[in-house]
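The values are calculated or read from the model by the stated rules, or taken from the named source; none is laboratory data. Keep in mind it's a predicted model, so treat the numbers as computed, not measured. Cβ sites come from the backbone with ideal geometry, for glycine too, and all protein chains shown count toward neighbours.
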């Protein structure tokens, strides 16, 4: 590929976990599942970074994981607040339903 | 002697003061005292940013001519947003959460300021994560005024987290191909063997940064974030977050110049300009149809960012200078419009602007100057910057790109007019003046001064942009 030669199996695993997690985080409506998908995407990305950069990019891999943990904790807190405010964690992933309801004042 | 000493310690003050301000906001009670202390530290940050000169910075960071033009804009815009936070944090947040909102705002600001200093991609990513995560949390604190702030914050969080992943993988691919995470290494390692890996790396970096900057169609988070998220979060994102991401994007685009006449690099530049043109057209159309002034700003911001992308794609000193020049103008416009409507409630429907200029004269004036800037009206800073953008596109003989900028400017007359028309043409109602609202006044004054004052004489800003453009345009 480039200067370093990544392991194909690990590389493929990282790509699959990242792609699946990112896709799910964008389209899943349930806040809890969405949060877990976000964490999975970060784990997949950290694996990819480690495979591509080896020990030289260990700092970036750790940073990616730390950002993932932070994002997951924040997403979990937001999901809990959304459940409290809307009476459920089923917030449409694209936000259309909630926004229209709020905009019209129907659900407030 | 004193000037050299100030120049040496200014970067340290710029980075340390926002963190101290965040700590002060959390630790000091009552809120009024915390706000005064944190506002003083924000003013110190802005003043220090004006003294930053090219050279080494603390903690292994670096200052170049791009940092020198980016920092004052980021610092002054952030400073007035933080001062305005005195009113906005109290108005939008839950009782008792105003201090946390102020602290999050300062931390986010610190992240975007640090990104301007970043000497390599990993450091930049670390600062960027602090910047967007602070904004997500800050937006969620606006749920007291509008519960839709929660869903918009979650959406912002997911999009920005994925954008950060694109940046991380882009940096890893870059390292895999060059053995370095410094963009300057590109010229040393650029070869046909690594060209495709480098292109993929740069594509991921650009996509991640474009998403963070709110470039359409990668800005699925933007409209709800501006419309329903906390007012302070929207202001910070529009004037600081988007600007910081675009500065980094300019650095990545500049590193692509290393490929010189390579066909792949030229194709990439056309692709970047194409994304910019799509953002200009999409953002303009959506802004024309917007029913909420803050959502209109999200779409208008996408149109402005698209124009900057086109300038960066044309490359060379002129293109990058024009992009940096327009970034300052776009930031001033967003401060004016969003700062103006921040006087309204958590929601800002277009109907709420009827008579707004009479009810709140200073806020109305800031909104009017911002709207005139979006329209690139003569005597505004945006008129000059838009002129430079078109010049850079014509210099590259990209007629279609120049056409996209002109179409975007014409469309801006439509949506800018929608903001302007109701301000003074209609009779307003009674003015409502909470005591804390005076804290937004500095923001309005800066927006008016930047929009009109710099429009009358922008030579200093243009010279700074030219120096920044020369650094980017010559990136090996």
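Consider residue B:429 carefully, then state whether it is modelled with pLDDT under 85 and farther than 22 Å from residue B:381 by Cβ.
Numbers: modelled with pLDDT under 85: yes; farther than 22 Å from residue B:381 by Cβ: yes.
Judged against the criteria, residue B:429 is a match.
Can you tell me how many residues within region B:352-361 are in a helix (DSSP H, G or I) and in contact (Cβ under 8 Å) with a residue 40 or more places away in the chain? Let's see the steps before the verdict.
Of the residues in region B:352-361, the ones in a helix (DSSP H, G or I) are B:352-353, B:356-359, B:361.
Retained after the next criterion (residues that are in contact (Cβ under 8 Å) with a residue 40 or more places away in the chain): B:352-353, B:356-359.
Residues flagged as in a helix (DSSP H, G or I) and in contact (Cβ under 8 Å) with a residue 40 or more places away in the chain within region B:352-361 amount to 6.
Of the residues that make up region B:26-48, is at least one under 27 Å from the mean Cα position of the chain (by Cα), surrounded by 16 or more Cβ atoms within 10 Å (Cβ to Cβ) and farther than 23 Å from residue B:89 by Cα?
yes
Could you list, in sequence order, all residues of region B:1-14 that are in a helix (DSSP H, G or I) and either over 21 Å from the mean Cα position of the chain (by Cα) or modelled with pLDDT of 90 or more (or both)? Reasoning before the result, please.
Step one: filter region B:1-14 for residues in a helix (DSSP H, G or I), giving B:2-14.
Scanning region B:1-14 gives B:2, B:3, B:4, B:5, B:6, B:7, B:8, B:9, B:10, B:12, B:13, B:14.
So that you can scan it fast, the table gives a plain yes or no per residue for (1) in a helix (DSSP H, G or I); (2) over 25 Å from residue B:85 (Cβ atoms); (3) modelled with pLDDT under 90:
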position: B:320; (1), (2), (3): yes, yes, yes
position: B:329; (1), (2), (3): yes, no, no
position: B:333; (1), (2), (3): yes, no, no
position: B:337; (1), (2), (3): yes, no, no
position: B:340; (1), (2), (3): yes, no, yes
position: B:363; (1), (2), (3): yes, no, yes
position: B:369; (1), (2), (3): yes, no, no
position: B:387; (1), (2), (3): yes, yes, no
position: B:391; (1), (2), (3): yes, yes, no
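Scan region B:76-95 and tell me whether some residue there is in contact (Cβ under 8 Å) with a residue 60 or more places away in the chain and within 15 Å of residue B:245 (Cβ to Cβ).
Yes, some residue in region B:76-95 is in contact (Cβ under 8 Å) with a residue 60 or more places away in the chain and within 15 Å of residue B:245 (Cβ to Cβ).
So which residues in region A:33-55 are over 16 Å from residue A:20 (Cα atoms) and touching a helix residue (DSSP H, G or I) at 6+ places or on another chain (Cβ under 7 Å)?
Initial filter on region A:33-55 (over 16 Å from residue A:20 (Cα atoms)): A:49-55.
Those that are over 16 Å from residue A:20 (Cα atoms) and touching a helix residue (DSSP H, G or I) at 6+ places or on another chain (Cβ under 7 Å): A:49, A:50, A:51, A:52, A:53.
Please pick out the residue among B:273, B:258 that is surrounded by fewer than 21 Cβ atoms within 10 Å (Cβ to Cβ), modelled with pLDDT under 90 and touching a helix residue (DSSP H, G or I) at 6+ places or on another chain (Cβ under 9 Å).
Details: B:273 fails: surrounded by fewer than 21 Cβ atoms within 10 Å (Cβ to Cβ).
Within the list B:273, B:258, the selection yields B:258.
Scan region B:37-66 for residues that are in a helix (DSSP H, G or I) and under 27 Å from residue B:232 (Cα atoms) and report the count.
Here is the first cut: in region B:37-66, the ones in a helix (DSSP H, G or I) are B:37-49, B:58-60, B:65-66.
Right, trim to under 27 Å from residue B:232 (Cα atoms) and you get B:37-49, B:66.
Counting residues in region B:37-66 that are in a helix (DSSP H, G or I) and under 27 Å from residue B:232 (Cα atoms) gives 14.
Working carefully through the options B:181, B:252, B:215, find the one that is surrounded by 19 or more Cβ atoms within 10 Å (Cβ to Cβ) and at pLDDT 90 or above. Steps first, answer last, please.
Numbers: B:181 fails: at pLDDT 90 or above; B:252 fails: at pLDDT 90 or above.
Testing whether each residue is surrounded by 19 or more Cβ atoms within 10 Å (Cβ to Cβ) and at pLDDT 90 or above leaves just B:215.
Of all the helices (runs of 4 or more DSSP H) wholly in region A:1-90, which have at least 3 residues that are within 10 Å of chain B (Cβ to nearest Cβ) and over 26 Å from residue B:135 (Cα atoms)?
A:31-53
Pairs under 7 Å by beta carbon, first residue over 14 Å from residue B:396 (Cα atoms) in region B:264-275, partner not in a helix (DSSP H, G or I), six or more apart or different chains?
B:275/B:215
For the structure I just gave you, tell me whether residue B:55 is modelled with pLDDT under 85, in contact with a strand residue (DSSP E or B) (Cβ under 7 Å, 6 or more places away or on another chain) and surrounded by fewer than 22 Cβ atoms within 10 Å (Cβ to Cβ).
yes
Tell me which of these residue B:69 doesn't satisfy, since it passes every other one: (1) surrounded by fewer than 24 Cβ atoms within 10 Å (Cβ to Cβ); (2) part of a helix (DSSP H, G or I); (3) touching a residue at least 40 places away in the same chain (Cβ under 8 Å).
Residue B:69 satisfies every listed condition except (1).
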